[in-house]
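The values are calculated or read from the model by the stated rules, or taken from the named source; none is laboratory data. Here the structure is a predicted model, which means the values were calculated and not measured. Positions of Cβ are backbone-derived with ideal geometry, glycine not excepted, and every protein chain shown enters the neighbour counts. The protein model used for the area step is the full one, side chains on, heavy atoms only, and it has no ligands, DNA or RNA in it. Shrake-Rupley method; radii C 1.70, N 1.55, O 1.52, S 1.80 Å.
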Amino acid sequence: MSIIIDRRLNGKNKSTVNRQRFLERYKKHIKKAVSDAVNKRSITDVVSGSEVTIPRKDLSEPVFRHGQGGHYKQVHPGNKEFVSGDRIKRPSGGSGSGSGKGKAGNSGEGMDEFSFQINHDEFLEYMFDNLELPNLVRKQLEDMTEFKIRQAGYTTAGSPDRLNVVRSLRSAHARRIALSGGDRREIRALKKELREMEVSPDETDQQRVIELRERIKALNAKLKKLPFIDDFDLKYNNMVKVPSPSNKAVMFCVMDVSGSMTQDIKDMAKRFFILLYLFLQRNYKEIEVVFIRHHTAAKEVDEDDFFYSRETGGTIVSSALEMTRDVINKRYSPADWNIYVAQASDGDNWEGDSSVCTKILTEQIMQKVQYYCYVEITDRAHQNLWREYQSVAEQFKDHFAMQQIKSPGDIYPVFRKLFEKKEKA
């Protein structure tokens, strides 16, 4: 028996269809593995590829086999013990086909048996599967600085890198047919006449034969002078620039850094903001992030200061909302930008400031943003800011959402709740 081992590399993604079919079949296991990976990994490694394991019991496939009882006929090859017509006793036992070898253990379920690797893109695909950006809108650019290059037919002039070989050869072939059609027909007619004269039993007119051969020779020489391809035949791909709708979005990351926000709470907020940033990146080509941190005063900072600065103090949330409003008015026109705001806090605000926050949100911010999500990170009961924001959520049901995170394991489920795909009514 010959054994053939295919050692060819997977060039040109020949196995892509089979891989996609396999991933779709075990989608439930992959999504669970991705969810576990997001909760366990470090912030810098949250989106790299992952190894997925599938329990052996889930790899089994249904098969058809004979059950017990019934009457059916089978044909077996004969040997020294049995001859034709012998009756063979039905084997005793159940109808199962499992091997049943080995002794039973006392350590619970078996371990995972099959592992495979999913890459970065597949990891992101499953991580954000069935999620969507609420109120996604394509903004038109006023300055028209975004263009896409598209093909718009063919031209007779252009650079060599845009030469369309197929079109050029097709044009050259058509030109040769058009210019040589009459001569070729005449050559065929002259050759036919010459053959008839050669096979005719009558005396051949030698003078006419010489004339025919000279004429055929002249016409063939004329055909050879036709160039195979001429400058006129060359065709170039015509590429034009067309304006493209804007895919730009800005995300405001607003985080409370007051004394009650511990480093663990800030780390959970950062994980949430990273997930949101990656999700926006898959939907928009250009993403800008504005980091605003606040205690009693708000400040726009870079990423390092946002997560690692030790500056702290009391808590006045309205200062951050005022800065968000001012930055939007100054740099991000709602006509050109899709604006998203994510606010993370432990919800412990200065008494009397929460009502001011509600007023700023309802009157000055919510009309300009696509989506505003508030995440309360605390393992205690809801704080005063949560209770105040409930009225905002009632007023802007499709544009405002709020969730609570109690532990790092809640980050990914909360993120999916905030951005889960909603069925359209």
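Could you tell me which residue of the stretch 380-425 is farthest from residue 320 (Cα to Cα), considering only residues that are modelled with pLDDT of 85 or more and among the acidic types (Asp, Glu)?
The extreme case among them is 410.
Results for (1) under 26 Å from residue 355 (Cα atoms); (2) open to solvent by 10 Å² or more (accessible area, probe 1.4 Å), shown as yes or no for each residue.
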| residue | (1), (2) |
| --- | --- |
| 260 | yes, yes |
| 265 | yes, yes |
| 279 | no, no |
| 286 | no, yes |
| 289 | no, yes |
| 305 | no, yes |
| 310 | no, yes |
| 315 | yes, yes |
| 322 | yes, yes |
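Among 81, 113, 186, 142, which is the only one that is open to solvent by 50 Å² or more (accessible area, probe 1.4 Å), modelled with pLDDT under 70 and farther than 30 Å from residue 24 by Cα?
142
Identify, please: which residue in the stretch 230-258 is out of contact with any Asp or Glu (no Cβ under 6 Å at 6 or more places or on another chain), open to solvent by 20 Å² or more (accessible area, probe 1.4 Å) and closer than 22 Å to residue 368 by Cβ and is, among those, modelled with the highest pLDDT?
247
Can you tell me which of 418, 321 is within 19 Å of residue 299 (Cα to Cα), of a type in the set (A, V, I, L, M) and in contact (Cβ under 8 Å) with a residue 24 or more places away in the chain?
Answer to the selection: 321.
If only one of 343, 364 is touching a residue at least 12 places away in the same chain (Cβ under 8 Å) and open to solvent by less than 50 Å² (accessible area, probe 1.4 Å), which one is it?
343
Scanning for something in a helix (DSSP H, G or I) and either acidic (Asp, Glu) or modelled with pLDDT under 80 (or both), does the stretch 283-296 turn up at least one residue?
There is at least one residue in the stretch 283-296 that is in a helix (DSSP H, G or I) and either acidic (Asp, Glu) or modelled with pLDDT under 80 (or both).
Which is more than 46 Å from the chain's Cα centre (by Cα) and either among the small types (Gly, Ala, Ser) or under 30 Å from residue 157 (Cβ atoms) (or both), of 249, 189?
189
Return the residues of the stretch 206-225 that are open to solvent by 50 Å² or more (accessible area, probe 1.4 Å), touching a residue at least 24 places away in the same chain (Cβ under 8 Å) and within 30 Å of residue 163 (Cβ to Cβ); say none if nothing qualifies.
The one that is open to solvent by 50 Å² or more (accessible area, probe 1.4 Å), touching a residue at least 24 places away in the same chain (Cβ under 8 Å) and within 30 Å of residue 163 (Cβ to Cβ): 222.
Inside the stretch 172-205, can you point out the residues that are in contact (Cβ under 8 Å) with a residue 40 or more places away in the chain and either under 30 Å from residue 236 (Cα atoms) or not acidic (Asp, Glu) (or both)? Let's see the steps before the verdict.
Here is the first cut: in the stretch 172-205, the ones in contact (Cβ under 8 Å) with a residue 40 or more places away in the chain are 172, 175-176, 179-180, 183.
Across the stretch 172-205, the qualifying residues are 172, 175, 176, 179, 180.
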